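Asks: First the structure, which I've put down as structure tokens, then a few questions once you've had a look.
The values are calculated or read from the model by the stated rules, or taken from the named source; none is laboratory data. Note that the structure is a prediction, hence the values are computed from the model and not measured. A quick note on method: Cβ atoms are made from the backbone with ideal geometry, for glycine too, and the neighbour counts reach across all protein chains shown. The accessibility values were calculated without ligands, DNA or RNA, using every heavy atom of the protein model including side chains. Shrake-Rupley method; radii C 1.70, N 1.55, O 1.52, S 1.80 Å.
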Amino acid sequence: MELSLSIPALLFPAISLTMLAYNARYLAIAALIRQLHQKYQETESHSISLQVKKLSQRLTIIKNMQAVAILSFLLAVITMLLIYIKLIFWANLVFGFSLLSLITSLVLSFIEVQLSTKALAIQLKDLE
């Protein structure tokens, strides 16, 4: 299959939507950390401290998800430039790295969702 300009361009909407979703998760967790931090200052509860640490880990994963998605986006743009200047071998190579970056970002997203689900399960168990 020959790589054309339209193939890496197909990644643009996928990566853009992925980055929007990641940003929404980041903002939600950041707001929750601020809220828990304020509650911790009032109560100095050990469980709140543990929750903030877990949320901090998730925030780090989300930051890495975003960074790798941005790298994927940048590599897709570089691929298009390389196709435009007729460096097809390098375009194919860079596009492969772009796809690997996107896969890495999605795997990190899967891990973060699993952590999120476990945290919610623990809170639901406490309610029972």
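Asks: Taking K53 as the residue in question, decide whether it is at pLDDT below 90 and either of a type outside the set (D, E) or open to solvent by 30 Å² or more (accessible area, probe 1.4 Å) (or both).
Replies: yes
Asks: Quick check on my filter: what residues within region 1-50 are modelled with pLDDT of 80 or more, among the charged types (D, E, K, R) and open to solvent by 100 Å² or more (accessible area, probe 1.4 Å)?
Replies: E2, R34, E42
Asks: Quick one: which residue in I29, I15 is under 30 Å from L3 (Cβ atoms) and either more than 11 Å from the chain's Cα centre (by Cα) or in contact (Cβ under 8 Å) with a residue 60 or more places away in the chain (or both)?
Replies: I15
Asks: Search region 92-121 for residues that are within 16 Å of A76 (Cα to Cα) and pair each with any residue that is open to solvent by 60 Å² or more (accessible area, probe 1.4 Å) when their beta-carbon atoms are under 7 Å apart and the residues are at least 6 apart or on different chains.
Replies: Close Cβ pairs satisfying both conditions: V94/I78; S101/L71.
Asks: Just checking, does region 80-89 include any residue being in contact with a helix residue (DSSP H, G or I) (Cβ under 6 Å, 6 or more places away or on another chain) and surrounded by fewer than 19 Cβ atoms within 10 Å (Cβ to Cβ)?
Replies: There is no residue in region 80-89 that is in contact with a helix residue (DSSP H, G or I) (Cβ under 6 Å, 6 or more places away or on another chain) and surrounded by fewer than 19 Cβ atoms within 10 Å (Cβ to Cβ).
Asks: Cβ contacts < 7 Å: first residue closer than 15 Å to S16 by Cα, restricted to region 60-84; second residue modelled with pLDDT of 95 or more and not in a helix (DSSP H, G or I), any location; separation 6+ or different chain. Result?
Replies: Correct list of pairs: empty, since none qualify.
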